[in-house]
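S.K.: Sending over a structure as structure tokens; questions will come in a sec.
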Amino acid sequence: MKLTEPLSRRSVLVAVTGLTPQVLTETLYVLATQDRQALPDEVHLITTAEGARRARLTLLSDQPGWFERLRRDWSLPPIRFGEEHIHVLRDANGAPMEDVRSAADNMAAADQIAEWVRQFTQDEHTAVHLSLAGGRKTLGFFAGYALSLWGRAQDRLSHVLVSEPFESSWDFFYPTPYERVISIKDRGVFDCSKAEVTLADLPFVRLRCGLPHKLLQNRASFSQAVAAAQGLVGPATLVFKLRERCVVAHGQTVNLPPAELAFLAWFARRRLQGAGPLLRPSDGVPDPDYASAYLAEYRRIVGPSNGDDRVARRLRHGMSRADFDERKSRLKSLLQAALGSTAQPYLVQGMGRRPQRFHLALPAQAIHFES
């Protein structure tokens, strides 16, 4: 999924809409009349196939053309909004989604909304204003949660509120600065200029700073991002899947090369056995016991004859200080790249002053090896 243009504007309004595209004009009306400095330079709609059709016909058509009429009625500055700014959700097969009718539709919509929000928030010079008023409640939830995951200090979340009876009218788009009478089924006729529209700002928790770098820069599913965020608040747990050459840390699967996986497994096994922290090998004095324990973990991962000879030859005189430091440093880099700020509990860490001793600080009950 790729946006049609790079986002480098000062302010972007993103609205999640269903069959009520007037959410957009109602939000812009409030900004125009109450907070003109917050008017966006660009607008994007996220909607279904039918929602996109209604948005084109009601907002972008020559008649009624409510988007341009709003700009004229309330003297709005130019705002970029065309058909290319209407993003249609697609189902698992890639077809335009008419509605969200199944669990598969829900997850497909969640992943797409998450990716759009991630892209909108990539430009540090752009402020994103996300409106939740339209569409199915699940779509609003996904959008709001996505902003919580990727939102920054300059980003905003809101919900537009319309007074009765205009809230239930298909023909109401914003309060006009002149008399405009509409008929509302079973309610009578009403003047649009008398309607009251307000914008409720919604506070939200910003979790972006704790997400792994790869989730900020690359596409990720909604569930992957949620699992990463859960790691910020949940207890640290470390599960070793040696046959699959990976660990699961805070719910995140992290693939590791055998050399680094064996190093981490060595320290985890010591933690489970109740062994104390280790001194790193002395300069010029390789430690044969360290090499033996490390190689035992390495063989569990790669098998007794798959690349073991090369590693065994390197450690035939013991594990040197350089070997120890290299494995520890590479493991740290790999875990931090995968887990971001949540990597800390899973690192082999030094403790005390010189000579430092090294250990895995996780409690033993948080460490598990799958058979």
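The values are calculated or read from the model by the stated rules, or taken from the named source; none is laboratory data. Everything numeric here is computed off the predicted structure, so don't read it as measured data. With ideal geometry, Cβ positions are generated from the backbone for all residues, glycine too; neighbour counts draw on all protein chains shown. When the accessible area is computed, the model is the full protein with side chains, heavy atoms only, and any ligands, DNA or RNA have been set aside. Shrake-Rupley method; radii C 1.70, N 1.55, O 1.52, S 1.80 Å.
S.K.: Cα gyration tensor of the range 1-127, axes a ≥ b ≥ c as square roots of the eigenvalues: rounded (a/c below 1.5), prolate (a/b > b/c) or oblate?
M.R.: Numbers: a/c = 2.21, a/b = 1.38, b/c = 1.60.
Cα axes put the range 1-127 in the oblate bin.
S.K.: While we're looking at this one, here's another question. Dividing the alpha-carbon radius of gyration of the chain by 2.2 N^0.38 Å (N being the number of residues), what value is obtained? If you can, show how the numbers build up before the last one.
M.R.: Values: Rg = 28.0 Å, N = 371, 2.2 N^0.38 = 20.8 Å.
Against the compact-globule rule of thumb, the ratio is 1.34.
S.K.: Please label the shape of the range 140-189 as rounded, prolate or oblate, based on the square roots a ≥ b ≥ c of the eigenvalues of the alpha-carbon gyration tensor (a/c under 1.5 means rounded; beyond that, a/b larger than b/c means prolate, else oblate).
M.R.: On the way: a/c = 4.96, a/b = 2.51, b/c = 1.98.
The shape class here is prolate.
S.K.: Check which residues have an amide H placed less than 5 Å from Arg180's amide H, if you skip close sequence neighbours.
M.R.: Cys192, Ser193
S.K.: For helix 321-339, report the angle its Cα long axis makes with the longest principal axis of the Cα atoms of the chain; keep it between 0 and 90° and round to the nearest 10°.
M.R.: Value to nearest ten degrees: 20.
S.K.: At a 1.4 Å probe radius, carbon and sulfur cover how many percent of the accessible area of the chain?
M.R.: Details: 8870 of 17950 Å².
Ligands and nucleic acids excluded, carbon and sulfur reach 49 percent.
S.K.: If you line up the long axis of helix 258-273 against the longest principal axis of the chain, both from Cα atoms, how many degrees apart are they, to the nearest 10?
M.R.: It is inclined by approximately 80 degrees.
S.K.: What are the trypsin sites (Lys or Arg not before Pro) within the range 283-335 that DSSP puts in a loop, where the Cβ has at most 14 other Cβ atoms within 10 Å?
M.R.: Details: sites: Arg299, Arg300, Arg310, Arg313, Arg314, Arg316, Arg321, Arg327, Lys328, Arg330, Lys332; in loops: Arg316.
Sites meeting the loop and neighbour criteria: Arg316.
S.K.: Please state the shape class of the range 23-73: rounded when a/c is under 1.5, otherwise prolate if a/b exceeds b/c and oblate if not, all from the C-alpha gyration tensor.
M.R.: On the way: a/c = 2.62, a/b = 1.53, b/c = 1.72.
It comes out oblate by the Cα gyration axes.
S.K.: Additional query: Taking the 0 to 90 degree range and rounding to the nearest ten, how far is the long axis of helix 222-233 tilted relative to the main principal axis of the chain, both from C-alpha atoms?
M.R.: Computed tilt is about 60 degrees.
S.K.: Springs between alpha-carbon atoms under 10 Å, Gaussian network over the chain: tell me which of Glu84, Glu50, Glu260 tops the mean-square fluctuations.
M.R.: Highest fluctuation of the listed residues: Glu84.
S.K.: When the Cα centres of the range 84-112 and the range 312-371 are compared, how far apart do they sit, in Å?
M.R.: 43 Å
S.K.: Can you give the accessible area per residue of the chain, in Å², using a 1.4 Å probe? Before the final figure, lay out the partial values.
M.R.: Numbers: 17950 Å² over 371 residues.
Result: 48 Å² of accessible area for each residue.
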